[in-house]
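A short write-up of the structure that comes next.
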Amino acid sequence: MTKTLKILVLTNLYPPQVLGGYERSIADFARLLQHRGHTVLVLTSDTPQFSASHVSLYPDPPVDRCLSLMGGWSSEGASWFDHQRVVSARQQNQAVLKHHLDHFQPDVCLAGNLRFVQMEAESLALLLSRHVPVVHYLMNAQADYSPQHTPQSPLYQPITCSDWVTASLQTLGYSTATTQTIYPGADVDAFYQAELPPRDRLRIAYASLVTAYKGADVLVEALSLLHAAGIEFTATIAGGTFQPEFVEALKQFVESEGLQESVHFPGALSRQELIQLYKTHNVLVFPSRFEEPFGISQIEAMAAGLTLVTSGTGGAKEIIAESGTDGLIFESENPFDLADSLSSLPTDLARWEAITRTGQQRAMSEFSQAKAVDKLEAIFIELVNLKSAKLATKRYKIGCYSILLPIDHRLDHYQATWHRYDTALGYISQAVFDKYPQSSAIDIGANVGDSAALIRSGRAVPVLCVEGSPEFVECLRRNALQIGDVEIDECFVGTDGEIINFDSTLNHGGTASIVNALTSSKGERVAMKSLNTIIQDHSRFKDAKLLKIDTDGFDFSIINASADIISASRPVLYFEYDLTFKPNAEAEAIEAIKTLLKIGYEHFLIYDNFGNYLISLSNRDHEKFVDLNSYLISNRRRSGTPAVYYFDVCAFTNDDSDLFETIRNRETDHSDLVDA
C-alpha cells in the first residue's frame, strides 16, 4: 500500500456548492484519497447559493467551510468585493490557514481553484514557507496569480488538466518547465454500462451549464435543422444556469420551431440522475464555443456508452484520439456542421456502434479517476520524500530541551569545538529574568529555536521568535511545540514592505543572510516587516526586557530603524556585531552604537565569536568600537586567516547597571578555574 499521508485540500468551492467540473473533480480526488487510507482535511468557503447535488460512492472527508471569499460570481461574470471586505477576508484566510497548519500539520497540500481565497500566491507562499509541499491542480487557462508570483520552490508542483492548459499558461508568460499534465478523468465505473443504449433513433443529451459560452444555442439550432430534414430525434438539455433569460430564449425558440415535444429542459441533475439520463440517450453533444480546459462530462458519457459529438475546443479535443474513430468533432459555433455530424450516425449503424465502443474503451482505460489519483499519489510521495531529504534532522541538547537541528546545521560541531560558543545568552537571560520575572523575550533571527530553548531553560518566560528563512522555520515550529510558550512570526525584519526573495537567502551551516535577497529578482518574494509592526502583531511582547538580534548583516540596520521602540521598552540588548556582509558595515556599526548611546544605553559587554568574554565598555569610551572594527578588519583583510570573525555585544541602559555589574563580575571571576 502507498504510504499514508495527511493531505490538506485547499479550494474556493466544494460540493455540494459548485460552479462546474473543477469543484467536482477536487471533491472526487479528496474522497478517493481518503478511501485509500489517507487523512484528508478540506478547507473551503461556505457559498450555499451554488448548491447542487454531487453524490459519490465514497464519503466526504472532514470539510471546514472556514474561508472567506474576496469576490463572487454572477451572470455578469466574476468580480472582486470592495477593498475593505477584501482586506478583511484576506487577513482571515491567512489566519485560518495558519491555524490549520499548526493543528493539522499536513504532509502535503492539494490546491484546487484558489480564486478569491488568496491574493496572488500568498496562501501557497505560506504553505511553502512551512515546507508543506503543494500540488496545484490548474484546471483553468489562467492561474490564480500573475506569472511573476508563480512559486519557485521545488516543493511546488503545478499540474494541469490538459496539454492545452499548459500551452495556454506558457503563452501568458507562466513558466511551465516543471508542469505536468494529469487528466482529471471521471468516475467511469459509476457511469459504465456494459450494454450500449439503443440506437433506434438519435437520443441526444446535453449536460453542462446552460449558457451562451457553453454553446447550448448551437445545439438547439442544429436540432431545428435535423427537424427540418425529417430526421427523428429526442433531446434533453440538462444543466443549471447563470442566465435564466438565455434558457428562456432557448425554450421560446424550441416552441417556435415546433420542437417542444422532442426537446426537454430538466434543469440541473444530480450525478445519479445523470447516470439515469445516459441510460436512455445514445449521443452526448458537447457544443462549447468556450476554450474548455478539459470536459469531464464527455468522459462520463463515453463510459456510459454514448457517442461523443464535440466542438473539441481547448483541452476538450484531447479526449478524442481521432475524429471518426472514438467520437466526432465538429466545427465550433457551426450548427450546420453539428447537424451533419449527428445525421451521419443513423445512416451507418455499424460505424456508429464502432465509434461508440472505441470511445467507451478509451474512457475506461485512459480517463479513470483511479488512474489520475495513482499519478497524484506518486507526486505526493515524491515531494514528501524531497522534503524529508531537505529537512533531515538530528537531535541536540540545549539546556533542558532536546531540539531538532537540520542535518547540516553546525551548532553541535561548534559547541563541541568551542565550549562557550553561543552560551553567554543563557546566563545573561537568567539574570535579566531574575530581575524581571513577569517580562518576556524577543528573538530576532531565531534560527531553529536554539536561543529560545536556552532562554527558557533558565526561566520559563514567553519568547517571540522572528525568523524568515524557510530553511529554519520548519524546525523552529517543531521545536517551539516542545519548548512551549513560544510565538513565531515568520518574516524577515527590516523596512515595512521591502521585498526579499527566499531563494536568494544564503544558508550555510545553520546560519542565514538576506543581504543578497534584497537585490535578487528571482525566487519566492515576500515583504519584510519592521520591529514596530511585529510588536503590534504580538502585543504581549511590547515591554520585553530581553531583545536578541542575530540576522547576519542586518543587526545594525534593525537597531538604527527601531530606535523609538527600543527606547520605549529599554530591554537588555544582545546582538551580533558583524562587518562581513555589507560594504558599508563599519559606518553602519558605529551609527548603531551612536543610536544606542543616544537612547540611553551606557554599558556594553563584548564577546568574541567563540563565546569568550573580551572586554566591557561604557558610554564614555565608545570610541573603542572603532578599534574593535579595526581588529575585525585586520583579521579579515590583512591577515587573510581570520581568528575572530565577529563579536557579540550585550548592551544595558543605566536602569540595568546592576545587571551589567552582575554579569561582568561573573565573566571576570576565575576563582573556580584550575590550571592544567
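The values are calculated or read from the model by the stated rules, or taken from the named source; none is laboratory data. Nothing here was measured: the structure is a model prediction, and the numbers come from that model. Positions of Cβ are backbone-derived with ideal geometry, glycine not excepted, and every protein chain shown enters the neighbour counts.
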Just checking, does the stretch 3-18 include any residue being surrounded by fewer than 23 Cβ atoms within 10 Å (Cβ to Cβ), in contact (Cβ under 8 Å) with a residue 60 or more places away in the chain and closer than 22 Å to Asp189 by Cβ? no
Among the residues of the stretch 560-587, write down those that are closer than 14 Å to Val649 by Cβ, charged (D, E, K, R) and modelled with pLDDT of 95 or more. Glu576
Please determine, by comparing only the residues of the stretch 42-82 that are small (Gly, Ala, Ser) and more than 30 Å from Ala190 (Cβ to Cβ), which one is nearest to the chain's Cα centre (by Cα). Ser68
From Leu269, Leu226, Leu196, Leu259, residue being surrounded by fewer than 24 Cβ atoms within 10 Å (Cβ to Cβ), part of a loop (DSSP other than H, G, I, E, B) and modelled with pLDDT of 95 or more: Leu259
Which of (1) outside any helix (DSSP H, G or I); (2) small (Gly, Ala, Ser); (3) in contact with a helix residue (DSSP H, G or I) (Cβ under 6 Å, 6 or more places away or on another chain) does Ala589 not meet, given it meets every other one? (1)
Could you name every one of the strands (runs of 3 or more DSSP E) located completely within the stretch 37-114 that has at least 3 residues being in contact with a Ser or Thr (Cβ under 9 Å, 6 or more places away or on another chain) and of a type outside the set (A, V, I, L, M, F, W, C)? 39-45
Looking only at the stretch 315-352, filter to residues that are under 47 Å from the mean Cα position of the chain (by Cα) and among the charged types (D, E, K, R); which one of those is surrounded by the fewest Cβ atoms within 10 Å (Cβ to Cβ)? Glu322
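State yes or no: is Glu467 acidic (Asp, Glu), closer than 30 Å to Gln148 by Cα and modelled with pLDDT of 90 or more?
Yes, satisfied.
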Could you say whether any residue in the stretch 347-370 is in contact with a helix residue (DSSP H, G or I) (Cβ under 8 Å, 6 or more places away or on another chain), touching a residue at least 40 places away in the same chain (Cβ under 8 Å) and among the aromatic types (Phe, Trp, Tyr)? yes
Given the structure, is Tyr574 touching a residue at least 60 places away in the same chain (Cβ under 8 Å), surrounded by 16 or more Cβ atoms within 10 Å (Cβ to Cβ), assigned by TED's automatic domain parsing to the domain that holds Tyr414 and in contact with a Leu (Cβ under 8 Å, 6 or more places away or on another chain)? yes
Within the stretch 120-136, does at least one residue satisfy the condition of being over 13 Å from the mean Cα position of the chain (by Cα) and crowded, with 20+ Cβ neighbours inside 10 Å? no
